[in-house]
Amino acid sequence: MRQGERFVEWLERLKAQKAWTPARAALRRSLAFPPGAYPKAMPYVEPFVREEGWKREAHYLVAALYALKDGEHQKGRTLARALREKAQRSDSVEKRFLALLDADRDQIAFRLRQAVGLAEGGLDFAQLLDDLLRWFSPERRVQARWAREFYGTEASEEEKEVEA
């Protein structure tokens, strides 16, 4: 099982508990801070996270975005595909998508929040986490796959395996 799938299972269990309402509020509020810097979000992410640096921050970012979408997880529906659907009805989406693809570590949280806010419906948060964990790879394979998904061509199974 991929790391993203395990983390989404963790979030799904959290969502099923009575504590989801305060957890959701804390995680959503954490979007106003650098990922992993809002203490009230820590009880909901730290029990799962074992990494430091960007890997830790990516978990916080995905947890906050999951809360922003109220836990609307939809396996197989990537952010790029959701934005492609939205772009058919809005001219500004492509510009924001391209800015997201070019985002560095200082910009990624803000640009992802914008993009997820634009997307209608659920997203594959497990895939999002897996992608973010490889976002800063020099080969930029994740960004290339997202571009193919946005512009209408699907990555082959072989390409997906190479990326992993």
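Bear in mind these aren't lab numbers, they're just calculated from the coordinates by the rules spelled out. Quantities reported herein were computed from a predicted structural model and do not represent experimental measurements. With ideal geometry, Cβ positions are generated from the backbone for all residues, glycine too; neighbour counts draw on all protein chains shown.
Of all stretches in the chain that contain no chymotrypsin sites (Phe, Trp or Tyr not before Pro) in a DSSP loop with at most 16 other Cβ atoms within 10 Å, the longest one is 49-135. Among Glu85, Glu52, Glu72, which one shows the highest mean-square fluctuation when the chain is modelled as a Gaussian network with alpha-carbon springs under 10 Å? The residue that fluctuates most here is Glu52. Converting phi to 3J(HN,Hα) with the Karplus coefficients 6.51, -1.76 and 1.60 and the offset θ = phi - 60°, region 38-52 yields 9, x, 5, 8, 4, x, 9, 10, 4, x, 9, 6, 10, 8, 10 Hz in sequence order, with x at every glycine or proline. Counting lysine pairs in the chain that sit 8 or more residues apart in sequence, or on different chains, and whose Cα atoms lie under 16 Å apart gives 4. Just checking the listed ones, Asp102, Asp91, Asp131: in the Gaussian network model of the chain with Cα springs under 10 Å, the one fluctuating most is Asp91. By other beta-carbon atoms within 10 Å, ranking Ser92, Ser30 with the fewest at the front produces Ser92, Ser30. Computed over the chain, the percent of Cα pairs more than 26 Å apart is 22.
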